[in-house]
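The next block holds one structure in the form of structure tokens; read it before the comments.
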Amino acid sequence: MNRILPILYKETLCEIRSKQILMTTSLFSIILVFLMSYSFSNIILTAEMSSNLLMMIILFITLSTSPRFISIEKDRKTFPFLRTFSNMETIFKAKAIYATILNAFNLLVVSLLFFIFTLQNIPNLLLFIPFIFILSFNLCSVILFCSIISESMSPAWIYSNVLSIPLIIPQLIYATQILYVIQTDITSSSLIENILGLIGFSLLKIFLLPSFVKNIYG
Amino acid sequence: MNNKIIAIIQYIGINLAIIFSFSAPGASQFQYPDLARIIFWHLPCAMISVIFHLICGYHAFKIIKYSDTSSEVKMNNALGMAAMMSTLTMLTGLLFSKVQWGAWWQWDARQTSYLMLLLIFSSSLILKKGLLHHSRKAKITAVYNLTSIPVGIFLVFIYPRLTQIMQNSFHPSQTIQGGLLDQTYSFTLLFVGFNLFLLCYRIFHMKNKLDYTIIIKENNHARFRNMELHSSHTSDSYMDSPIYLSRKN
């Protein structure tokens, strides 16, 4: 943790210095959720439809905004310096934590806006907030991992997206099911099954991905 | 055993498998009983693709854990075989779906999960092509393939059995496990599956040998070029590092 904190601090400072990136990504998310909700404005969405639609919005936002945490270092040519400061495994962990937190807050705002725009009931926040954080971690860690893998390929962003989507399919399936159950019947037995599945994949990512990154660039 | 004898046994086996699969009685519970016999090839293709995905994962693990570079060829070929078999699974499945259920695509749980599996194989192949001249190519592809193993297991074994998904599936889930399959069908299915697997494994093995030979020849060519460039090398240096023209099995 002692090694991760300075990188987290550095990321926060960079984000504060260049506020326009944060503002642009937030604006992009809001525009996207508005457009998607607007296209369904004349239709009363069922819980199944809304959970799938929201998951697509979440996926699209995360895919568009998360790879920047890796590509920004490449653009500023600061990756070699960062690697002299710390090893790749720690950099990956720090970036994944930072991306998860930032993305989760963004997704929370987006989801609440989506529920308001599509006239849906806002689900139980005590369940919904941890769910968004776990989902955000799952998506961000895989996308950052694929961004690192495809860092030397050209065009890196398309490779990163193509490689990460098949790996996040199970998490998306579990998340869609959870969202559906949260919106309809919170007492359903399948809720536990899906939550366990999502947590299982999160644990796999916590244990596997950093060691894989270390193995490649160690 | 001699290679030729194995080849002859396999040739006979695969021909018998074709004959058995055509001579088995039609499945009466289907709309077109005769055409339902496609499952003799559809099901083994699906199983073999999963087996080759696991073989690919095993070799990926060997590359990561022991830096075993010889496993790179095996991993790539296993991935190719898995992709080919899952494509065949999809094609036979589409045919079955059109004939028996009336549409090419049903959003059936197993259809969907196999399409996703095919996407995983495709992205792995794209990664391999994208990293053609990368120094860490073997490790990066190995890591990606190993990451895809839990996803593959989820898609094949867990996803079709999820409570909400299972309700809408056309695929029978208890026919084989519950022992409801007719004896003739069980035998034919096993026979076709076993022979198809042997055939695939033989292709996989031959492709590995071929790729090894190509790699060794390329390395030798590169070494020849280096030796010609660096004229300081004497004829003794050839003896220090002999050039391999073939590789022992």
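Being closer than 25 Å to A:P67 by Cβ and more than 9 Å from chain B (Cβ to nearest Cβ) holds for only one residue in A:F201, A:F212, A:F207, and it is A:F207. Inclusion of B:N3 among residues that are more than 15 Å from B:L199 (Cβ to Cβ) and either at pLDDT 90 or above or open to solvent by 80 Å² or more (accessible area, probe 1.4 Å) (or both) is not warranted. Here A:L119, A:L113, A:L126 are screened, and the one residue that is in a helix (DSSP H, G or I) and either open to solvent by 70 Å² or more (accessible area, probe 1.4 Å) or closer than 21 Å to A:I199 by Cβ (or both) is A:L126. Tell me the residue from A:L203, A:L191 that is out of contact with any helix residue (DSSP H, G or I) (no Cβ under 6 Å at 6 or more places or on another chain), surrounded by fewer than 22 Cβ atoms within 10 Å (Cβ to Cβ), more than 23 Å from A:F60 (Cα to Cα) and among the hydrophobic types (A, V, I, L, M, F, W, C), please. None of the others qualify; the one that does is A:L203.
Just so you know, in the range B:131-148 the residues that are of a type in the set (K, R) and part of a helix (DSSP H, G or I) include one that is farthest from the other protein chains (Cβ to nearest Cβ), and it is B:K137.
Within the range A:130-175, the residues that satisfy the criterion of being out of contact with any helix residue (DSSP H, G or I) (no Cβ under 8 Å at 6 or more places or on another chain) and at pLDDT below 90 are A:S152, A:S154, A:P155, A:I158. Kindly check whether there is at least one residue in the range A:161-176 that is more than 25 Å from B:N145 (Cβ to Cβ) and either touching a residue at least 24 places away in the same chain (Cβ under 8 Å) or away from every other protein chain (no Cβ under 13 Å) (or both). For the range A:161-176, residues more than 25 Å from B:N145 (Cβ to Cβ) and either touching a residue at least 24 places away in the same chain (Cβ under 8 Å) or away from every other protein chain (no Cβ under 13 Å) (or both): present. Residue-level check: of (1) surrounded by 16 or more Cβ atoms within 10 Å (Cβ to Cβ); (2) farther than 22 Å from A:F34 by Cα; (3) out of contact with any Gly (no Cβ under 7 Å at 6 or more places or on another chain), A:S50 misses just (2). Restricting attention to the range B:188-227, the residues that are of a type in the set (D, E, K, R) and open to solvent by less than 50 Å² (accessible area, probe 1.4 Å) total 1. Kindly evaluate A:I43 against the criterion of being of a type outside the set (D, E), under 28 Å from A:A175 (Cα atoms), open to solvent by less than 20 Å² (accessible area, probe 1.4 Å) and at pLDDT below 85. Judged against the criteria, A:I43 is not a match.
The values are calculated or read from the model by the stated rules, or taken from the named source; none is laboratory data. Because the structure is predicted, anything quoted here is derived from the model rather than measured. Methodologically, a virtual Cβ is constructed for each residue, glycine included, from the backbone with ideal geometry; neighbour enumeration extends over all protein chains shown. We work out accessible area using only protein heavy atoms, side chains counted, and drop any ligands, DNA or RNA first. Shrake-Rupley method; radii C 1.70, N 1.55, O 1.52, S 1.80 Å.
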